[in-house]
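Here the structure is laid out as structure tokens; the discussion comes afterwards.
The values are calculated or read from the model by the stated rules, or taken from the named source; none is laboratory data. Worth saying up front: this structure is predicted, and the values here are computed from it rather than measured. All Cβ positions, even for glycine, are placed from backbone atoms using ideal geometry, and neighbour counts span all protein chains on display.
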There are 2 protein chains.
Amino acid sequence: MARNSLGRELPASFQGRPVVPYRDPWSVRPEGLRATRALKRVDPGQPKLVQNLQEAIERCGLRDGMTIATHHHLRNGDALLNHVVRMIDHMGLKDVKIASSSVHPVHAELVPLIREGVVTGLECGVNGLIGELCSKGELRCPITVRSHGGRARAVSSGQVPIDVAFLAAPACDEYGNLNGAHGPSAFGSMGYAFTDALHARHVIAVTDHLVPYPAAPASISQADVDWVVRMERLGDPGKIVSTTTRVTTDPVGLQIARYATQVIEASGYLKDGFSFQTGSGGTSLAVAENVRNLMRAQRIKGSFGCGGITGYFVDMLEEGLFQALFDVQCFDLKAVESIRRNRNHLEMSADTYANPFNAGAVVNRLDVVILGATEVDVDFNVNANTESNGLLLHNTGGHADTAAGAKLAIIVAPSMRGRLPIVRDAVTTVTTPGATVGAVVTERGIAVNDRHPELKAELLRRRAPVKDIRQLQREIEAVTGAPRPLEFGDEVVALIEYRDGTIIDAVRRVKG
Amino acid sequence: MARNSLGRELPASFQGRPVVPYRDPWSVRPEGLRATRALKRVDPGQPKLVQNLQEAIERCGLRDGMTIATHHHLRNGDALLNHVVRMIDHMGLKDVKIASSSVHPVHAELVPLIREGVVTGLECGVNGLIGELCSKGELRCPITVRSHGGRARAVSSGQVPIDVAFLAAPACDEYGNLNGAHGPSAFGSMGYAFTDALHARHVIAVTDHLVPYPAAPASISQADVDWVVRMERLGDPGKIVSTTTRVTTDPVGLQIARYATQVIEASGYLKDGFSFQTGSGGTSLAVAENVRNLMRAQRIKGSFGCGGITGYFVDMLEEGLFQALFDVQCFDLKAVESIRRNRNHLEMSADTYANPFNAGAVVNRLDVVILGATEVDVDFNVNANTESNGLLLHNTGGHADTAAGAKLAIIVAPSMRGRLPIVRDAVTTVTTPGATVGAVVTERGIAVNDRHPELKAELLRRRAPVKDIRQLQREIEAVTGAPRPLEFGDEVVALIEYRDGTIIDAVRRVKG
């Protein structure tokens, strides 16, 4: 056992790898080389289109103990990961690790295959049942949660070698050129898949829409794809939208959005060249709506919006409020339509988006990001992974990456959920360190991190409801009462890896 | 001394590297891993735009003995390579190797700097004076000539490690996103530069058109660019057109084109899905015009055109005769305009184009390629590097790559140049092995390689002027007389590296 700089107790090792404790967001400098893979040779006339998934997997030489990956652009509509793991089971393989970009509730189908030892580890975060069962000790499957940028770093640095990557290819030709913009399962940006295509030892494109050679655009090139295989349906793009994508009508959410907008105004960043990211939740979109109105009124010409892209940001692009969008993942079908036709709607790899170990990611250029939280604590640390009941239900996404990159990260959250207070002495799990958080905004007021004294002074000057975070905590607890501490067992069910590869927290089994 | 399978005498080593003799186009299977480079970290707020080229070079740590690279999309209008080498000289550096994608006559300015030892080797082919002077023994600068695909292989396999790559960036933002489509020096596809951006240890973007962040499209990503520096003018895109780009009016050229078209018709490849490449010479374009007319008349819908792209191919794309264009380099400004706006005009890296050691290059998908020659021999070997006077005046380009990849490589050439016959007992220099050549077409008839017996039979059936290549040689020599053998010294001034890294020929000093 060791403690990291945030006081979190960590195991000495996990899944056979030593645990390096988190210290701060900046001090880890990368050592070593980018991952590499074997040179290949494919001669003219050699076909790549194989009969079925089993043949493709066999040709890649997948064996017990190896690591596979998929990407989660179809989110809860994804059919590929379940299909692949069923095939792996059918082939009698065991002890396979999954290093996908994310796992969703639809992948609860894997639970029996985890119990049977077909899958024995998740090198990625999870949304939904698998995390819940692991948290309760009802399923054994060690999980390493990574941010999108952290995953790009882990794969491109060789920390997580992917033996076989399965690329969901909505439009693909028989030689492996592929894109996400066309076809019945079109989901838009291939964002997370680029890293896999460049670094996995073997790359299989799986498609439900084989187009005549060459597929255009070729977001991913034939030069990186070893095998092509057909599948009846990659999934249901109608389920890309897995959270709300409308501006909230809830008065609490609207109040939070008003305060968050005040913070943005006071920050001084809302001017020509403004860059901005929000998630797709109703409160975030309410902030976006306010920002949009301010930009219109003040004739501000922004630089870019980035991250997962909603139709809301597409509208802002088309209105001229942004010069460009950087899209790692389309959050709705309007974004898919836009990336297909608008040349300023840029497809972005997860590496370019958020990898801390390259020549400079897009998150580094963000002015303001709006992020959610299940909890925050008095040191501004944020929990976006576990709920206050201790269950691991959420993947990190770009949370820790954008907070580290942006000039100002604003956490928006209602002051309580159910009868539980949002502001804690210590969060149940640290996803994003307080050192990278600028302000916490609830409907009861705004807490500004001491690292941003000028922002605090300006908000006070504007008579915004600024409160010390402990004061905010006391006000909330006056309503909810102090939360009962959770009881955890000793077993570590998951590590929360910070974007630089150090461990910022461990998730332990919740005691019944 | 050793001989390769074509009987060419080779030195045992060159520039300190052992020489591996060429055997055949297919038997070399790659061993080892793709090249890699150090992981980096660039934090928010760290600028990449530096004051001047010297500062950028210093920050990259360029030292004596290292290797630099540029790319030749501006062809004879390029100002960057001279500018860079002048600066290297100004900084007092010596013994630098150039591994650019090509060197052009405009770079004759480097001759004094080669004499002074600032530049001591060319890891690339040359067009023009430098090759001539080296051939004559008047300049000492060992040259390794590579095809476009061979260069992509050499760089991506680590055979030629590039210490600092200088990317000519016609449109670039201060964080290194860049494209070739916009700006006063726009040259279109960034083709050759992709390999450098991915593999060079340090990457400097040099631009004469700094655009607000983010540059769109971002053909090359900020995540791969270390430094950005301004330069007054990258070059003159008006000089991209360095060869003729009009259909020839010369009766000899037109006759060759008619015969070449007959070969294409007889091949059976001219049908729906047809894929095609030609160079930009007048005879090649005359073939393209004939093919275009046939496709129109027979309502053939082709698959793709590829390589360096001319306005002629743009017209064919727009007419619907091709589904897409794969563009590694725009050959004229009409192609530049097209790549800017037509989504089926695809920007292609040299790796995707022609690297033999990836998961399958575009050349593998070619049906027919039309290629030129300075000489061919009775074994169908082709010389595209030296003239019949022995002077090394031409780079290989995609010659050897497309010949190897295409189902049918057709060599078009006049039967004599000056008083010198094109068909020889043995070519002065082998660029492309006869094993990958289908037919040689002159105005005096068509010689078909025995490897294509069905093509020969079909041409005979169609009463085309098929001749044995030795018969063709005799007919030509009846006019020109037998050519006098050239006399060479022992010194090897250049190696001709085949696309797989083996050595297909050596170029020696021309005597007196």
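The residues of the stretch A:297-319 that are part of a helix (DSSP H, G or I), surrounded by fewer than 24 Cβ atoms within 10 Å (Cβ to Cβ) and either more than 14 Å from chain B (Cβ to nearest Cβ) or small (Gly, Ala, Ser) (or both), listed by number, are A:297, A:311, A:312, A:315, A:316, A:318.
Mind counting the residues in the stretch A:433-451 that are in a strand (DSSP E or B) and on the phi < 0 side of the Ramachandran plot?
The first filter runs over the stretch A:433-451 and keeps only residues in a strand (DSSP E or B), leaving A:439-442, A:445-448.
Subsequent filtering for residues that are on the phi < 0 side of the Ramachandran plot retains A:439-442, A:446-448.
Final tally of qualifying residues: 7.
Which of the following residues is among the hydrophobic types (A, V, I, L, M, F, W, C) and touching a Lys or Arg at 6+ places or on another chain (Cβ under 8 Å): B:430, B:441?
Working: B:441 fails: touching a Lys or Arg at 6+ places or on another chain (Cβ under 8 Å).
From the options B:430, B:441, the qualifying one is B:430.
When B:385, B:364 are checked against the criterion of being within 14 Å of another protein chain (Cβ to nearest Cβ) and either modelled with pLDDT of 95 or more or touching a Cys at 6+ places or on another chain (Cβ under 7 Å) (or both), B:364 stands alone in meeting it. Checked against (1) within 30 Å of residue A:500 (Cβ to Cβ); (2) at pLDDT 95 or above; (3) under 26 Å from the mean Cα position of the chain (by Cα), residue A:31 passes all but a single condition, namely (2). Can we say residue A:89 is closer than 19 Å to residue A:164 by Cα, away from every other protein chain (no Cβ under 14 Å) and in contact with a Gly (Cβ under 6 Å, 6 or more places away or on another chain)? Taking the combined requirement at face value, the residue does not satisfy it. For the stretch B:423-452, the set of residues classified as crowded, with 24+ Cβ neighbours inside 10 Å, under 25 Å from residue B:481 (Cα atoms) and among the hydrophobic types (A, V, I, L, M, F, W, C) consists of B:423, B:427, B:430, B:439, B:440, B:441, B:446, B:447, B:448, listed by residue number. For the stretch A:8-24, the set of residues classified as without any contact (Cβ under 8 Å) to a residue 60 or more places away in the chain and on the phi > 0 side of the Ramachandran plot consists of A:16 only.
Quick one: residue B:50 ticks every box in (1) within 14 Å of chain A (Cβ to nearest Cβ); (2) buried (at least 20 other Cβ atoms within 10 Å of the Cβ); (3) not charged (D, E, K, R) bar one, so which box is it? Only one criterion in (1) within 14 Å of chain A (Cβ to nearest Cβ); (2) buried (at least 20 other Cβ atoms within 10 Å of the Cβ); (3) not charged (D, E, K, R) is unmet by residue B:50, namely (2). When residue A:472 is tested against the conditions (1) in contact with a helix residue (DSSP H, G or I) (Cβ under 6 Å, 6 or more places away or on another chain); (2) farther than 28 Å from residue A:353 by Cβ; (3) surrounded by 24 or more Cβ atoms within 10 Å (Cβ to Cβ), the lone failure is (1).
If only residues of the stretch A:200-211 that are facing chain B (nearest Cβ under 10 Å) and more than 23 Å from residue A:341 (Cα to Cα) are counted, the one that is surrounded by the most Cβ atoms within 10 Å (Cβ to Cβ) is A:203.
Being assigned to a loop (DSSP other than H, G, I, E, B), free of Cβ contacts under 8 Å to residues at least 60 places away in the same chain and either surrounded by fewer than 24 Cβ atoms within 10 Å (Cβ to Cβ) or more than 10 Å from every other protein chain (Cβ to nearest Cβ) (or both), is that true of even one residue in the stretch A:179-199? Break it down into steps so the answer makes sense when it comes.
So the first thing to find is which residues in the stretch A:179-199 are assigned to a loop (DSSP other than H, G, I, E, B), and the list is A:180-192.
So of that shortlist, the ones also free of Cβ contacts under 8 Å to residues at least 60 places away in the same chain come out as A:183-184.
So of that shortlist, the ones also either surrounded by fewer than 24 Cβ atoms within 10 Å (Cβ to Cβ) or more than 10 Å from every other protein chain (Cβ to nearest Cβ) (or both) come out as A:183-184.
Yes: one or more hits.
Close contacts from the stretch A:29-48, counting a first residue that is within 30 Å of residue B:407 (Cα to Cα) and a second that is among the hydroxyl-bearing types (Ser, Thr, Tyr) and in a loop (DSSP other than H, G, I, E, B), with Cβ to Cβ under 6 Å and a gap of 6+ residues or different chains, come to A:39/B:157; A:48/A:175. For residues that are without any contact (Cβ under 8 Å) to a residue 40 or more places away in the chain and part of a loop (DSSP other than H, G, I, E, B), scanning just the stretch A:70-114, find the one that is surrounded by the most Cβ atoms within 10 Å (Cβ to Cβ). In this case the residue turns out to be A:100. Reported count of residues in the stretch B:336-357, each being farther than 12 Å from residue A:218 by Cα, out of contact with any Asp or Glu (no Cβ under 8 Å at 6 or more places or on another chain), touching a residue at least 60 places away in the same chain (Cβ under 8 Å) and within 13 Å of another protein chain (Cβ to nearest Cβ), is 4.
Is there a residue being among the basic types (Lys, Arg) and either surrounded by 24 or more Cβ atoms within 10 Å (Cβ to Cβ) or in contact (Cβ under 8 Å) with a residue 40 or more places away in the chain (or both) anywhere in the stretch B:321-335? Within the stretch B:321-335, not a single residue is among the basic types (Lys, Arg) and either surrounded by 24 or more Cβ atoms within 10 Å (Cβ to Cβ) or in contact (Cβ under 8 Å) with a residue 40 or more places away in the chain (or both).
Within the stretch B:266-296, being touching a strand residue (DSSP E or B) at 6+ places or on another chain (Cβ under 6 Å), within 21 Å of residue B:454 (Cα to Cα) and more than 14 Å from chain A (Cβ to nearest Cβ) holds for one residue alone: B:267.
Taking the stated definitions as given, is residue B:352 under 25 Å from residue B:123 (Cα atoms) and in contact with a strand residue (DSSP E or B) (Cβ under 6 Å, 6 or more places away or on another chain)?
Details: under 25 Å from residue B:123 (Cα atoms): yes; in contact with a strand residue (DSSP E or B) (Cβ under 6 Å, 6 or more places away or on another chain): no.
No: the conditions fail for residue B:352.
The set of residues from the stretch B:149-178 being in a loop (DSSP other than H, G, I, E, B), buried (at least 24 other Cβ atoms within 10 Å of the Cβ) and within 12 Å of chain A (Cβ to nearest Cβ) comprises B:173, B:175, B:176, B:177.
Before we move on, is residue A:285 closer than 21 Å to residue A:422 by Cα and touching a residue at least 12 places away in the same chain (Cβ under 8 Å)?
Details: closer than 21 Å to residue A:422 by Cα: yes; touching a residue at least 12 places away in the same chain (Cβ under 8 Å): yes.
Yes: the conditions hold for residue A:285.
Checking A:420, A:371, A:392 one by one, the residue that is in contact with a strand residue (DSSP E or B) (Cβ under 9 Å, 6 or more places away or on another chain) and surrounded by fewer than 24 Cβ atoms within 10 Å (Cβ to Cβ) is A:420 and no other. One residue is enough: does the stretch A:122-135 have a residue meeting the conditions of a type in the set (D, E, K, R), within 20 Å of residue A:61 (Cβ to Cβ), part of a loop (DSSP other than H, G, I, E, B) and under 18 Å from the mean Cα position of the chain (by Cα)? Checked the stretch A:122-135: at least one residue is of a type in the set (D, E, K, R), within 20 Å of residue A:61 (Cβ to Cβ), part of a loop (DSSP other than H, G, I, E, B) and under 18 Å from the mean Cα position of the chain (by Cα).
I'm trying to understand the selection: among the residues of the stretch B:212-235, which are more than 14 Å from chain A (Cβ to nearest Cβ) and either closer than 30 Å to residue A:361 by Cβ or modelled with pLDDT under 95 (or both)? So that I can check it myself, show each step before the final result.
Taking the stretch B:212-235 and keeping what is more than 14 Å from chain A (Cβ to nearest Cβ), we get B:229-235.
Listed by number, the residues that qualify are B:229, B:230, B:231, B:234.
Specify the residue that is nearest to residue B:509 (Cα to Cα); the eligible residues are those in the stretch B:391-425 that are in a loop (DSSP other than H, G, I, E, B) and either within 14 Å of chain A (Cβ to nearest Cβ) or hydrophobic (A, V, I, L, M, F, W, C) (or both). Checking each candidate, the answer is B:391.
From A:25, A:30, A:44, A:112, grab the single residue that is farther than 30 Å from residue A:380 by Cβ and within 14 Å of another protein chain (Cβ to nearest Cβ).
Values: A:25 fails: farther than 30 Å from residue A:380 by Cβ; A:30 fails: farther than 30 Å from residue A:380 by Cβ; A:112 fails: within 14 Å of another protein chain (Cβ to nearest Cβ).
A:44 is the lone residue from the list that is farther than 30 Å from residue A:380 by Cβ and within 14 Å of another protein chain (Cβ to nearest Cβ).
Just to be sure, is residue A:428 part of a loop (DSSP other than H, G, I, E, B), touching an Asp or Glu at 6+ places or on another chain (Cβ under 8 Å) and assigned by TED's automatic domain parsing to the domain that holds residue A:323? Answer is yes for this residue.
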